[in-house]
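This report concerns only the one structure given below.
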Amino acid sequence: MSGNGFGEIFRLTSFGESHGCAIGCVVEGVPARIPLDVSDIQSALDRRRPGQSAFTTQRKEPDTVRILSGVFNGLTTGTPIGLLIQNEDRHSSDYAEIADKFRPAHADLPYFLKYGNRDYRGGGRASARETAMRVAAGVLACKVLEHFIKTPFNITAGVIQIGNEKATAWNDTEINKNPFFCPDVSALPRFEAVLNQAKENKNSVGAVIEIRASGFPAGLGEPVYDRLDADLAKALMSINAVKGVEIGDGFDAAALTGTENADEMYADPTALNGIGFKSNHAGGILGGLSTGQPIIARIAVKPTPSVATELKTVTTDRKETTVCTTGRHDPCVGIRAVPVAEAMTACVLADHLLRFRAQYA
């Protein structure tokens, strides 16, 4: 299987399966002499790990990370950084009943048709368990960004929609105060009601996550094919269960006129480049290059495909049957995707910052 790595200079390669003995990654491109302690990575993993609320899977993984290489005396050495997390709460027997059944909306069928084999224990390599390593790599990406960007920057994501209910406000300080990673406190009761109803119905719901990255310089991105928005879209689209990505106004831009969509400019001596914008329909990226404005993206996360409701399917030998997925699953997988979205955004920005410095620093 190819395609397990992402990035050019800052590069993440992950390995492992949901119910294997461990998951891990190798991160290349982190410069030497950057302070790094395992606690830096652990705190980020603790935001993503399962079993922290009634609205996420109850799989109890501590997600304790080990640094295997690339760090000496608390400083990065400039060599590949190896990270490892043991899988400790594996209930593989939960999946015995589906060993020969393809679960609808899962990767079971295409994996089997492509490789002639599949790990049915929690989806194997296709499981969202792999995203723990993305979060770990995101910490390293932020370390790189902090090393080179001396002015304050911020990468924040929040759930702005669960099912049909939407948030109507954005307050960064609220995101880590609630189990939904939601920036709008007024949306919390509605989100909770939607999820409780889904659980009662043995069903699941989808979500929309917004990512905001501010404080980054203009000029990040490599036209024509390695545009910043193209790489960001690929990174976010590679997250499990993501079915759509928007940059800026996204699909809503199709309903605007040219004058409505234009982000008019004015001279502003207080702005980063001396130029201010009256709006940000472009989401901080024009021509594949960052403008210095906040970078705005949204992702649509499909409902968790593992539901405790009987669905029609076929077996590996093409016989019709039904399947009911048991075990421990998120009623809305989008909630735990928030720190993953932040991490992948950080990885893209770190990669493009290093590429920028290689050409122009």
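The values are calculated or read from the model by the stated rules, or taken from the named source; none is laboratory data. Source: prediction; values computed, not measured. So basically every Cβ, Gly included, is an ideal-geometry build from the backbone, and we count neighbours across all protein chains shown. Note: areas computed on protein heavy atoms with side chains; ligands, DNA, RNA excluded. Shrake-Rupley method; radii C 1.70, N 1.55, O 1.52, S 1.80 Å.
When Glu88 is tested against (1) on the phi < 0 side of the Ramachandran plot; (2) open to solvent by less than 70 Å² (accessible area, probe 1.4 Å); (3) in contact (Cβ under 8 Å) with a residue 12 or more places away in the chain; (4) not in a helix (DSSP H, G or I), exactly one condition is not met: (2). With respect to Glu342, determine if the residue is open to solvent by 60 Å² or more (accessible area, probe 1.4 Å) and among the acidic types (Asp, Glu). Judged against the criteria, Glu342 is not a match.
Of all residues in segment 71-85, those being part of a strand (DSSP E or B) and either closer than 13 Å to Pro31 by Cα or open to solvent by 50 Å² or more (accessible area, probe 1.4 Å) (or both) number 5. Kindly state which strands (runs of 3 or more DSSP E) lie completely within segment 203-287 and contain at least 2 residues that are farther than 13 Å from Arg298 by Cβ. Fully inside segment 203-287 and qualifying: 265-267, 275-277.
Only residues that are among the aliphatic types (A, V, I, L, M) and either within 18 Å of the chain's Cα centre (by Cα) or within 15 Å of Thr76 (Cβ to Cβ) (or both): list them for segment 1-42, please.
Hits for segment 1-42 are Ile9, Leu12, Ile23, Val26, Val27, Val30, Ala32, Ile34, Leu36, Val38, Ile41.
Annotation: of all residues in segment 104-117 being under 21 Å from Ser238 (Cβ atoms) and either without any contact (Cβ under 8 Å) to a residue 40 or more places away in the chain or basic (Lys, Arg) (or both), the one that is least open to solvent (accessible area, probe 1.4 Å) is Asp108.
Restricting Cys332, Cys324 to those that are at pLDDT below 95, over 15 Å from Leu195 (Cβ atoms) and of a type outside the set (Val, Ile, Thr) reduces the list to Cys324. Restricting attention to segment 298-342, the residues that are farther than 29 Å from Ala44 by Cβ and charged (D, E, K, R) total 6.
Taking the conditions (1) without any contact (Cβ under 8 Å) to a residue 40 or more places away in the chain; (2) more than 22 Å from Ser43 (Cα to Cα); (3) open to solvent by less than 70 Å² (accessible area, probe 1.4 Å) in turn, Ala207 satisfies each one other than (1). Of the residues Leu272, Leu232, Leu289, Leu228, which single one is open to solvent by 30 Å² or more (accessible area, probe 1.4 Å) and in contact with a Leu (Cβ under 9 Å, 6 or more places away or on another chain)? Matching residue, one of Leu272, Leu232, Leu289, Leu228: Leu289.
A quick yes/no check of all residues on (1) assigned to a loop (DSSP other than H, G, I, E, B); (2) under 27 Å from Val224 (Cα atoms); (3) over 21 Å from the mean Cα position of the chain (by Cα):
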{"site": "Arg298", "(1), (2), (3)": "no, yes, no"}
{"site": "Pro305", "(1), (2), (3)": "yes, no, no"}
{"site": "Arg318", "(1), (2), (3)": "yes, no, yes"}
{"site": "Asp330", "(1), (2), (3)": "yes, no, no"}
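Screening Tyr120 with (1) modelled with pLDDT of 90 or more; (2) open to solvent by 70 Å² or more (accessible area, probe 1.4 Å) gives one miss only, at (1).
Taking segment 128-138 as the region of interest, how many residues are open to solvent by 20 Å² or more (accessible area, probe 1.4 Å) and either assigned to a loop (DSSP other than H, G, I, E, B) or at pLDDT 95 or above (or both)?
Keep residues of segment 128-138 that are open to solvent by 20 Å² or more (accessible area, probe 1.4 Å), which gives 128, 130, 134.
Restricting the remaining residues to those that are either assigned to a loop (DSSP other than H, G, I, E, B) or at pLDDT 95 or above (or both) gives 134.
Looking only at that region, the number is 1.
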